[in-house]
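The values are calculated or read from the model by the stated rules, or taken from the named source; none is laboratory data. Quantities reported herein were computed from a predicted structural model and do not represent experimental measurements. Neighbour counts run over all protein chains shown; Cβ positions are idealised from the backbone, glycine included. With ligands, DNA and RNA removed, areas are computed over all heavy atoms of the protein, side chains included. Shrake-Rupley method; radii C 1.70, N 1.55, O 1.52, S 1.80 Å.
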Amino acid sequence: MPDLTHWPAVDDADWKRLLASARRHQRAGQSWTDAAHGKSAGLLFFNPSLRTRCSMERAAHQLGAHATSLTPGEGTWNFAWEEGAVMDGAEAEHVRDALGVLSRYYDALGVRVFASLSDRRQDETDALMQTVARAASVPVINLESARYHPCQALGDATTLAAHFGKDALAGKRFVLSWAPHPKALPRAVPHSALLMAARLGLDVTVARPDGFALDDTVMTQARAYAEAHGTAVTEASTPDAAFDDADVIYAKSWAGGRVYDDPAREAQQRASCANWRVTAERMARTRPGAAFMHCLPVRRNVVADDAVLDGSASVHLQQAENRLYAQKAMLEHVWEI
Ligand code: CP
């Protein structure tokens with residue numbers, strides 16, 4: 001059964017096929033087929049979404065399939081997650097039973113379940129998404145888990161291939177630039193952006209303040225992808241120089257490592273780095289034709305200035321549109337059509 005729950009589980013051949021398929025859908029634009037006529041997708045959002053929910057529903061519809069979106073606890077029962085739970089509290093249904101039932105109604109499931117940012121082990125092992133994957137008996141598409149956001153990554157790869165041309169990507173300088181934010185945020189998007197860029201053969205710099213390292217295993221995987229292309233993944237701890245001669249600035253906030261053991265200290269560290277905001281002056285250090293990327297939602301004038309988001313370099317709306325094409329490719333992949 002195709003596995004789109006665990007991003008590195010997508011092998012190189014599938015990754016190339018998915019990207020080529022997403023590009024074909026992108027070139028076709030908003031278009032309809034009945035390739036998936038009679039198929040159905042059940043979409044569970046344990047966390048809020050605008051882009052992922054709407055683009056998955058539209059992707060299914062444009063392929064001739066049907067999609068149902070569910071917000072657990074709002075119009076469904078509340079779900080228990082723990083193995084062996086004694087369910088005498090507010091949760092009326094175990095997530096294992098819910099996934100088992102939904103697998104009998106739908107041909108694929110999509111699930112969003114974010115990092116807790118309080119239980120390090122649960123987040124590092126992507127335990128909730130793994131529980132979902134074990135309980136389902138139809139393919140599961142990860143709509144953002146504690147560690148990965150493959151739909152975003154494939155959409156972003158589609159955006160880069162369109163912006164630069166697929167054959168001109170190799171060696172382009174991609175900077176994943178940590179950004180300020182009033183809230184501690186999970187690492188699924190930066191992990192996936194890093195892996196995506198390294199897998200495309202870009203030369204990657206992770207620019208982030210001290211105390212905001214990404215997970216070691218993801219860095220190691222990204223370095224292996226880069227090595228296979230003869231490129232590299234490096235790190236920088238100041239924002240300005242990292243922007244010099246960059247071809248892509250991908251801005252994203254994520255929580256510091258202290259979030260699990262000392263959240264107050266992590267919040268202090270994050271607040272002290274407000275000067276990492278992406279400004280027009282910083283963008284002026286990049287190469288001509290450089291792209292500014294953000295997965296959205298974005299806090300304007302906190303993460304990046306209006307002048308950057310509304311400037312000619314920004315491709316954030318194309319990224320959002322390309323989610324539709326990426327997810328059409330993913331649905332076709334899991335349904336083997
Ligand atoms: N980028 C992204 O996944 O957007 P949503 O959280 O709105 O789905």
- Message: Give the separation of the Cα centroids, the stretch 39-63 to the stretch 262-294, in Å.
- Response: 31
- When the chain is modelled as a GNM with alpha-carbon springs shorter than 10 Å, which of H294, H316, H229 fluctuates the most? H229
- Once Lys and Arg are counted +1 and Asp and Glu -1 for all other residues with Cβ under 14 Å from that of S31, the total becomes +2
- Query: If you wrap a convex hull around the Cα atoms of the stretch 52-150, how much volume per residue is inside, in Å³?
  - Reply: 113
- Query: Taking a quarter of the surface of the convex hull around the Cα atoms of the stretch 152-320, what do you get in nm²?
  - Reply: 8.6
- Message: Connecting C-alpha atoms closer than 10 Å in a GNM of the chain, tell me which of A28, A236, A304 has the biggest fluctuation.
- Response: A28
- quick note, the chain, DSSP beta bridge pairs, % antiparallel (nearest 5) is 5
- Task: Using a 1.4 angstrom probe on the protein heavy atoms only, line up H37, H6 by accessible area, largest first.
- Result: H37, H6
- Along principal axes, largest first, the alpha-carbon spread of the stretch 140-189 in whole Å comes out as 36, 32, 14
- Message: For the pair Q268/S116, report the inter-label distance in nm, with labels modelled 7 Å from Cα in the Cβ direction.
- Response: 2.6
- Message: Expected output is a single nm value to one decimal: the length gained when fully extending between R58 and E93, i.e. 0.36 nm times separation in residues minus the C-alpha distance. What is it?
- Response: 9.7 nm
- Which cross-chain or sequence-distant (5 or more) residues have an amide H under 5 Å from the amide H of K39, H modelled 1.01 Å from N in plane? H66
- So what's the gap between the Cα centers of the stretch 302-337 and the stretch 99-168, to the nearest angstrom? 16
- Task: Kindly provide the pair-distance distribution of the stretch 100-166 built from C-alpha pairs, with 5 Å bins from 0 and whole-percent values in order of increasing distance.
- Result: 4, 17, 20, 17, 16, 12, 8, 5, 1
- CD proxy, 222 nm, the chain: helix-only mean residue ellipticity via -39,500 (n - 2.57) per DSSP H run with n ≥ 4, per residue, nearest 500, stands at -12000 deg cm²/dmol
- Query: What list of ³J(HN,Hα) couplings, whole Hz, do you get for the stretch 158-166 from phi and the Karplus terms 6.51, -1.76, 1.60, once you set θ to phi - 60° and write x for glycine and proline?
  - Reply: 4, 5, 5, 5, 6, 5, 9, x, 4
- For S253, S137, what's the largest-to-smallest order of accessible area, 1.4 Å probe? S137, S253
- Along each principal axis, Cα extent of the stretch 285-337, largest first, Å: 44, 25, 13
- Query: Given a cut-off of 22 Å, what percent of all Cα-Cα pairs of the stretch 225-334 lie beyond it?
  - Reply: 48
- Note on the structure: Once all protein chains are kept in place, M56 shows an accessible area at probe 1.4 Å, nearest 10 Å², of 0
- Query: In what order, largest first, do L50, L4 sit by accessible area if the probe radius is 1.4 Å?
  - Reply: L50, L4
- Query: Scanning the chain for chymotrypsin sites (Phe, Trp or Tyr not before Pro) in DSSP loops with at most 15 other Cβ atoms within 10 Å, what's the longest stretch left with none?
  - Reply: 78-337
- Message: Keeping every protein chain present and rolling a 1.4 Å probe, give me the accessible area per residue for the chain in Å².
- Response: 42
- Neighbour count of at most 10 Cβ within 10 Å plus DSSP loop: longest GluC sites (Glu not before Pro)-free window in the chain: 84-335
- Message: Ignoring solvent entirely, what values of log10 I(q)/I(0) come out of the Debye formula for the chain at 0.07, 0.11, 0.13, 0.16 Å⁻¹ when each Cα is a single scatterer?
- Response: -0.28, -0.70, -0.98, -1.43
- Message: Under 10 Å, Cα contacts only: if you run a Gaussian network model on the chain, which one of Q152, Q26, Q221 comes out with the highest mean-square fluctuation?
- Response: Q221
- Item | Computed log₁₀ I(q)/I(0) - Debye formula, equal Cα scatterers, no solvent, the stretch 148-247, q 0.14, 0.20 Å⁻¹ | -0.49, -1.03
- Any chance you could look up the accessible area of D107 with a 1.4 Å probe, heavy atoms only, rounded to 10 Å²? 50
- Query: Residues with beta-carbon under 14 Å from that of A284, excluding A284: net charge, scoring Lys, Arg +1 and Asp, Glu -1?
  - Reply: -2
- Lys and Arg at +1, Asp and Glu at -1: add these up for the other residues within a Cβ distance under 15 Å of L109 and post the number. +1
- Taking alpha-carbon centroids only, the stretch 1-38 lies from the stretch 193-248 a number of Å equal to 25
